[in-house]
Amino acid sequence: MRSSKSEVLCRITDWYLKYQNPLPKSLKEFWHLVPKLCRGEQEMSISDCKFTWRVNFPEIEKKVLYDKQCAKNVIKLLKLLRDKQNWKTIASYHMNTVILLEVDKSSEPAYWKQGKFLFVRFLEALKQLQGYLRENHLPYFFCAEYNLFHVLNSGTCKNISDRLGRIISSIEADPSNLKLYL
């Protein structure tokens, strides 16, 4: 079931208040529109394709990741793995979203402390990404009902998920195997 616009706005306001107080004086400080390729969950007409956008909240994202250097480095490692494995269908924003969701679940700065936790957090992120791919559903950080993977072919998601499973098993068996994939 889809959320109403007011429910989504309230949730976004809640996110903002959680990570930054007070609310901005101007909406320009609050959100941006990001143009997207014309792809939807259902077939779209040419006239619908003129206005295909994703709402982006960069200030909230910055606040979520503030003082969590390990999280930022995990994002970089995820992107490096994606590039080395040639997973062109997985966007950078997908990697950011996985980490935003993880940080929101465990937002304590000590949990995301740089250093010895980087490997552990990276492995956790790989497992989360694998799960989202297996389900062919990555919830948008600001509106969980919206699936960021909705345009991905389920076969592609399964293939990448299976490959990630093998990579995770290899790294868990011998952490030095990580260098084989990055």
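Below 8 Å between Cα atoms, with a sequence gap of 6+, how large is the relative contact order for region 96-182 in percent?
It rounds to 25 percent for region 96-182.
Longer than 21 Å from Cα to Cα, which of Lys63/Lys158; Lys68/Lys105; Lys116/Lys179; Lys105/Lys179; Lys68/Lys88; Lys62/Lys105 are they? Say none if no pair is.
Lys63/Lys158; Lys105/Lys179; Lys68/Lys88
If the chain between Val120 and Asp162 were fully stretched, how many nm would it gain, using 0.36 nm times the residue separation less the Cα-Cα distance?
Full-extension gain reported as 13.1 nm.
Give a residue-ordered list of calculated ³J(HN,Hα) values for region 152-169 (Karplus: 6.51 cos²θ - 1.76 cosθ + 1.60, θ = phi - 60°; whole Hz; x for Gly, Pro).
Each residue's phi maps through the Karplus curve to give 7, 5, 4, x, 5, 4, 5, 4, 5, 4, 4, 4, 4, x, 5, 5, 4, 4 Hz.
How much length, in nm to one decimal, is gained on full extension between Asn153 and Lys88, taken as 0.36 nm per residue of separation minus their Cα-Cα distance?
Working it through step by step, the gained length comes to 22.1 nm.
With a point put 7 Å past each Cα toward its Cβ, work out how far Leu178 is from Lys105 in nm, to one decimal.
Those two pseudo-labels are separated by 1.9 nm.
Can you sort Val98, Val74, Val120 from fewest to most other Cβ atoms within 10 Å of each residue's own Cβ?
Final ranking by Cβ density, sparse to dense: Val120, Val98, Val74.
Amide H to amide H under 5 Å from Asn136: which residues, 5+ apart in sequence or cross-chain, H placed 1.01 Å off N in plane?
So Asn136 has HN proximity to no qualifying residue.
Scale the Cα Rg of region 83-128 by the rule-of-thumb value 2.2 N^0.38 Å and send over the ratio, two decimals.
Rounded to two decimals, the normalised Rg is 1.25.
For Tyr146, list long-range residues whose amide hydrogen, built 1.01 Å from N in the peptide plane, is under 5 Å from its own amide hydrogen.
Amide H neighbours of Tyr146: Tyr140.
None of the figures in this text is laboratory data; all of them are computed from the coordinates on show. No experiment lies behind these values; they were computed from the predicted model shown. A quick note on method: Cβ atoms are made from the backbone with ideal geometry, for glycine too, and the neighbour counts reach across all protein chains shown.
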